[in-house]
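Working notes, beginning with the structure itself.
The values are calculated or read from the model by the stated rules, or taken from the named source; none is laboratory data. The structure presented is a predicted model; accordingly, all values stated were derived computationally and were not measured. With ideal geometry, Cβ positions are generated from the backbone for all residues, glycine too; neighbour counts draw on all protein chains shown. These accessible areas exclude ligands, DNA and RNA; they are computed on the full protein's heavy atoms, side chains included. Shrake-Rupley method; radii C 1.70, N 1.55, O 1.52, S 1.80 Å.
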Amino acid sequence: MMINTAYDPRLLEQWAVDLNSTQEIEQCLEPYLHQYDCAFTSQKQSKHFANFVRGLLSPLDRKSIESLALHLAGEKSVRPMQQFFTRVPLKEEDILDTYQQLLAAQLNHTGSMLSVDDTSFVKKGTHSIGVKRQYCGRLGKRENCQVGVFLSYAGDSGYGLVDYELYIPQEWFQDSHQDLRTRCRRPEQRRFLTKTRLPRTFSTMPSKPDGFRHNGSDVTLHMDVTMPFWMA
């Protein structure tokens, strides 16, 4: 039987945390994050990565790089963390491979499901790659936002994200967006793909969960769910 993974507000009461439980979470988080050290070339880089993840888990309302750095390490850490994201050549594939291996080791149950869906991220400006005024699922209307397409896994043993890709609208590949492409450092090898084609680019997990029997997608994607793109 599949576990109902829909959001249940009663879970907030069950998961209520105090100082002791947050300390326990930190004790679990530290060794978990160390498993990603292979993707970085120095301890400073690993520390910035760990602080960024901790910041995303923090109660801050606005989670920009500046606000996260100020919250976790003080004013002197803002510029180094900004440079970590803008200048350090991150080994994104190594990070994703490590994450997928850890996920596959924990989620492995017969009768599970893989699904594809998109989600939106509201933006105020124009200097984020792929941003435009388009349909925003979070708000239920057209808004200035970015859109990502995600592959997720769910089963009796739990659920988690498997892979992802940013949707870049077609106008971002036109001459009118040349300056923005340069500023946002859009990879030169990237080509325009519709949301329905993006799932075909998802990587195969190096040690993917076995036994999934179902796959699906949001109806708005109109994806051919019989296509075994994750089985290659």
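With the structure loaded, tell me whether SER46 is of a type in the set (Ser, Thr, Tyr), assigned to a loop (DSSP other than H, G, I, E, B) and open to solvent by less than 30 Å² (accessible area, probe 1.4 Å) or whether it fails that test. Walk me through how you get there before you give the answer.
Details: of a type in the set (Ser, Thr, Tyr): yes; assigned to a loop (DSSP other than H, G, I, E, B): no; open to solvent by less than 30 Å² (accessible area, probe 1.4 Å): yes.
The answer is no for SER46.
Taking the criterion of being part of a strand (DSSP E or B), open to solvent by 30 Å² or more (accessible area, probe 1.4 Å) and touching a residue at least 40 places away in the same chain (Cβ under 8 Å), would at least one residue in segment 86-100 satisfy it? Before the answer, list the steps.
Keep residues of segment 86-100 that are part of a strand (DSSP E or B), which gives none.
Checking segment 86-100: not a single residue is part of a strand (DSSP E or B), open to solvent by 30 Å² or more (accessible area, probe 1.4 Å) and touching a residue at least 40 places away in the same chain (Cβ under 8 Å).
When you look at GLU165, is it exposed (fewer than 15 other Cβ atoms within 10 Å of the Cβ) and among the acidic types (Asp, Glu), yes or no?
Details: exposed (fewer than 15 other Cβ atoms within 10 Å of the Cβ): no; among the acidic types (Asp, Glu): yes.
Answer is no for this residue.
Which condition does HIS177 not pass, out of (1) in a loop (DSSP other than H, G, I, E, B); (2) free of Cβ contacts under 8 Å to residues at least 24 places away in the same chain; (3) more than 17 Å from the chain's Cα centre (by Cα), if it passes all the others?
(1)
Which of the residues that make up segment 101-131 are over 28 Å from ALA50 (Cα atoms), open to solvent by 30 Å² or more (accessible area, probe 1.4 Å) and either outside any strand (DSSP E or B) or in contact with a helix residue (DSSP H, G or I) (Cβ under 6 Å, 6 or more places away or on another chain) (or both)?
Answer for segment 101-131, where residues must be over 28 Å from ALA50 (Cα atoms), open to solvent by 30 Å² or more (accessible area, probe 1.4 Å) and either outside any strand (DSSP E or B) or in contact with a helix residue (DSSP H, G or I) (Cβ under 6 Å, 6 or more places away or on another chain) (or both): HIS109, THR110, THR126.
Any residue that is out of contact with any strand residue (DSSP E or B) (no Cβ under 6 Å at 6 or more places or on another chain), under 29 Å from GLN35 (Cβ atoms) and surrounded by 15 or more Cβ atoms within 10 Å (Cβ to Cβ) - is there at least one of those in segment 180-188?
From segment 180-188, those out of contact with any strand residue (DSSP E or B) (no Cβ under 6 Å at 6 or more places or on another chain) are 180-188; that's our starting set.
Next cut, under 29 Å from GLN35 (Cβ atoms) only: 185, 187.
Narrowing the set further to residues that are surrounded by 15 or more Cβ atoms within 10 Å (Cβ to Cβ) leaves none.
No.
Give GLN146, GLN134 a once-over and let me know the one that is in contact with a strand residue (DSSP E or B) (Cβ under 6 Å, 6 or more places away or on another chain) and either touching a residue at least 24 places away in the same chain (Cβ under 8 Å) or surrounded by fewer than 19 Cβ atoms within 10 Å (Cβ to Cβ) (or both).
Details: GLN134 fails: in contact with a strand residue (DSSP E or B) (Cβ under 6 Å, 6 or more places away or on another chain).
Residue meeting the stated conditions: GLN146.
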